[in-house]
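The values are calculated or read from the model by the stated rules, or taken from the named source; none is laboratory data. Because the structure is a prediction, the values reported are computed rather than measured. Because the Cβ atoms are built from the backbone with ideal geometry, glycine has one as well, and the counts that use them run over all protein chains shown.
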Amino acid sequence: MLSVISKNRRRERLTIQNTNFHYYHIATAAFTALMLSYGQDLPALGLGMGDWQAHGFASQAYTLSSNYNAYGHSTRSGSLDFTEIGVNVLGHIQPNLLIAAQGLYRNAGGSDREGLRLDFANLDYSFSLGKQATAGVRLGRVKNPFGLYNDTRDVVWTRPGVFMPQSVYFDSLALRQAMIASDGGILYNRFAVGDHALKTEFVVSNPLDNTGGAAEFLTGIPNARGELGGRPLFIGRMGYEWQEGRFRLLFSVVNLDRDFKSATPGVSSGNLKVLYPLASAQLNLEDWSFTGEYGRITAERRGFTPGGVTLENTSESFYVQAQYRFTQDWSALLRFDSFAANVNDRNGKRSAALTGLAKQRFFSHDLTTGLRWEFAPNWLILGEYHSIWGTGLVSTVDNPDLNQRSGPERWDLFSLMLSYRF
């Protein structure tokens, strides 16, 4: 939840975010998000009733790229199509019952045009199991516990950079909303002894996979139109922490089994199964943080091709990153992020021969450097440069001719973001 944003210790401080519109639209979006999050209790919350807290943020980014568009039409004069504005509220309605909600306006070029949405809203009931353990249940639109960042990346202040590592979190493929939250419930517990703690979380929910580009990603069909339904989503995460996060080791898994009712001419309906395990590790020292995550997505698609042939594929995703804090206000980021659409064809040559697409459509390798400066209380500016090989994580909405042309394999992306929070 966003209450962690304002209280993190220096060693745990992480990083940064974006879009283009006039001040009138900004004010309108912020006010609507405020109403969405707070409903009719806004005046009472403003008076400081009980332990209720409100937090908000506004982030605007500029992106400039070579050869391929990213987060809008960024290849010539750059793009301002990356904006996030959010307001959230949380507080206890009973000693063990917490309510939290966030309204968000987000525009990120072709990767996210949903605009205003209810980002999350849930009730959280917790109870103690002796002196060393706690447990609880969270119900509503819950943030999916996955990896190190998924349930805290809604605001740039808690991200490692302007952009998340795309090989793991897939924002550029219009999957942000489907990945970050779902409608259902979470069972969780935490057991601590001295400096050591074990945490487990388990989700059963209805995925938000009928938004953005989720259908296209899951079915593997370009411009797929239709409706996904069927079995609930299962997510599990288990983690070990030492000294309240100085060292973290996590294992997460997503299990998805969905039926696709096609509305795409020439494409039959079918079923898809996805298994996404992810291993994560992080070490936070006084001045340094080191992070790595590795995952594989195994997808089984049935019924989408003539004769009902079952198609199976396993992709590979990983990144390693280092963050260095020069001072309390300045920090730097270095990251290598890698994605292969097929673990048995990492250079894309065989996939290119089978599909007729350029081989760089089947991989992406991203070397990122960045600087972060908190230049005033509650103000943040972030700069980030990406040297990228491959287009496996490039948005086809921002680049509608991407599959019809063979552009260069290597390209560059620069982003500058300004953010304010309260």
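List the number of the failed condition for PHE375; all other conditions in (1) more than 23 Å from LEU175 (Cβ to Cβ); (2) touching a helix residue (DSSP H, G or I) at 6+ places or on another chain (Cβ under 6 Å) hold.
(2)
Could you tell me whether the stretch 170-180 includes any residue that is over 21 Å from PHE251 (Cβ atoms) and surrounded by fewer than 20 Cβ atoms within 10 Å (Cβ to Cβ)?
There is no residue in the stretch 170-180 that is over 21 Å from PHE251 (Cβ atoms) and surrounded by fewer than 20 Cβ atoms within 10 Å (Cβ to Cβ).
Looking at the stretch 363-398 only, could you name the residues that are within 19 Å of ALA340 (Cβ to Cβ) and either acidic (Asp, Glu) or out of contact with any Asp or Glu (no Cβ under 7 Å at 6 or more places or on another chain) (or both)?
Within the stretch 363-398, PHE363, SER364, HIS365, ASP366, LEU367, THR391, GLY392, LEU393, VAL394, SER395, THR396 qualify.
Among the residues that make up the stretch 73-82, is at least one of them in contact with an Asp or Glu (Cβ under 9 Å, 6 or more places away or on another chain), acidic (Asp, Glu), at pLDDT 85 or above and surrounded by 15 or more Cβ atoms within 10 Å (Cβ to Cβ)?
For the stretch 73-82, residues in contact with an Asp or Glu (Cβ under 9 Å, 6 or more places away or on another chain), acidic (Asp, Glu), at pLDDT 85 or above and surrounded by 15 or more Cβ atoms within 10 Å (Cβ to Cβ): present.
Picking from GLU384, GLU409, which residue would you name as being over 22 Å from the mean Cα position of the chain (by Cα) and at negative phi?
GLU409
Conditions tested, residue by residue: (1) under 21 Å from ALA340 (Cα atoms); (2) charged (D, E, K, R); (3) outside any loop (DSSP other than H, G, I, E, B); (4) at pLDDT below 95.
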{"residue": "LEU249", "(1), (2), (3), (4)": "no, no, yes, no"}
{"residue": "ASN255", "(1), (2), (3), (4)": "yes, no, yes, no"}
{"residue": "ARG258", "(1), (2), (3), (4)": "no, yes, yes, yes"}
{"residue": "VAL267", "(1), (2), (3), (4)": "no, no, no, yes"}
{"residue": "LEU272", "(1), (2), (3), (4)": "yes, no, yes, yes"}
{"residue": "LEU275", "(1), (2), (3), (4)": "yes, no, yes, no"}
{"residue": "SER280", "(1), (2), (3), (4)": "yes, no, yes, no"}
{"residue": "ARG296", "(1), (2), (3), (4)": "yes, yes, yes, no"}
{"residue": "GLU300", "(1), (2), (3), (4)": "yes, yes, yes, yes"}
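For the subset of the stretch 123-166 comprising residues that are under 22 Å from MET238 (Cβ atoms) and of a type in the set (S, T, N, Q), which member is surrounded by the most Cβ atoms within 10 Å (Cβ to Cβ)?
ASN144
Which pairs have Cβ atoms under 6 Å, sit 6 or more apart or on different chains, and link a residue in the stretch 200-212 that is touching a residue at least 40 places away in the same chain (Cβ under 8 Å) to one that is of a type outside the set (A, V, I, L, M) and assigned to a strand (DSSP E or B)?
GLU201/TYR188; GLU201/ARG237; SER205/SER182; SER205/ASP183; SER205/GLY184; PRO207/SER182
Every residue, every condition in (1) surrounded by 20 or more Cβ atoms within 10 Å (Cβ to Cβ); (2) under 21 Å from GLU312 (Cα atoms); (3) hydrophobic (A, V, I, L, M, F, W, C), yes or no:
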| residue | (1), (2), (3) |
| --- | --- |
| LEU198 | no, no, yes |
| VAL204 | no, no, yes |
| ARG237 | yes, no, no |
| LEU249 | no, no, yes |
| LYS273 | no, yes, no |
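For the stretch 347-379, how many residues meet the condition of being of a type in the set (A, V, I, L, M, F, W, C), over 20 Å from the mean Cα position of the chain (by Cα) and surrounded by 15 or more Cβ atoms within 10 Å (Cβ to Cβ)?
Matching residues across the stretch 347-379 total 6.
Please identify the pairs in which a residue from the stretch 101-117 that is under 19 Å from ASN223 (Cβ atoms) has its Cβ atom under 8 Å from the Cβ atom of a residue that is part of a strand (DSSP E or B) and small (Gly, Ala, Ser), counting only partners at least 6 apart or on another chain.
Short answer, once both residue conditions are applied: GLY109/SER79.
If I ask for residues that are touching a Phe, Trp or Tyr at 6+ places or on another chain (Cβ under 6 Å) and either free of Cβ contacts under 8 Å to residues at least 12 places away in the same chain or crowded, with 21+ Cβ neighbours inside 10 Å (or both), which ones from the stretch 276-292 would you list?
Within the stretch 276-292, no residue meets the criteria.
Report, by residue number, each residue of the stretch 216-238 that is part of a loop (DSSP other than H, G, I, E, B) and among the hydrophobic types (A, V, I, L, M, F, W, C).
ILE221, ALA224
Restricting attention to the stretch 178-202, which residues are touching a helix residue (DSSP H, G or I) at 6+ places or on another chain (Cβ under 8 Å) and within 18 Å of SER280 (Cβ to Cβ)?
Within the stretch 178-202, just MET179 meets the criteria.
Is it true that some residue in the stretch 299-309 is of a type in the set (Asp, Glu) and over 18 Å from GLY236 (Cα atoms)?
yes
For the stretch 341-357, what are the residues that are modelled with pLDDT under 95 and of a type in the set (A, V, I, L, M)?
Result: ALA352, ALA353, LEU354, LEU357.
What is the one condition in (1) exposed (fewer than 13 other Cβ atoms within 10 Å of the Cβ); (2) more than 24 Å from the chain's Cα centre (by Cα) that PRO400 does not satisfy?
Of the numbered conditions (1) exposed (fewer than 13 other Cβ atoms within 10 Å of the Cβ); (2) more than 24 Å from the chain's Cα centre (by Cα), the odd one out for PRO400 is (2).
Which of the residues that make up the stretch 195-215 are more than 17 Å from LEU249 (Cα to Cα) and either in a loop (DSSP other than H, G, I, E, B) or of a type in the set (Ser, Thr, Tyr) (or both)?
SER205, LEU208, ASP209, ASN210, THR211, GLY212, GLY213
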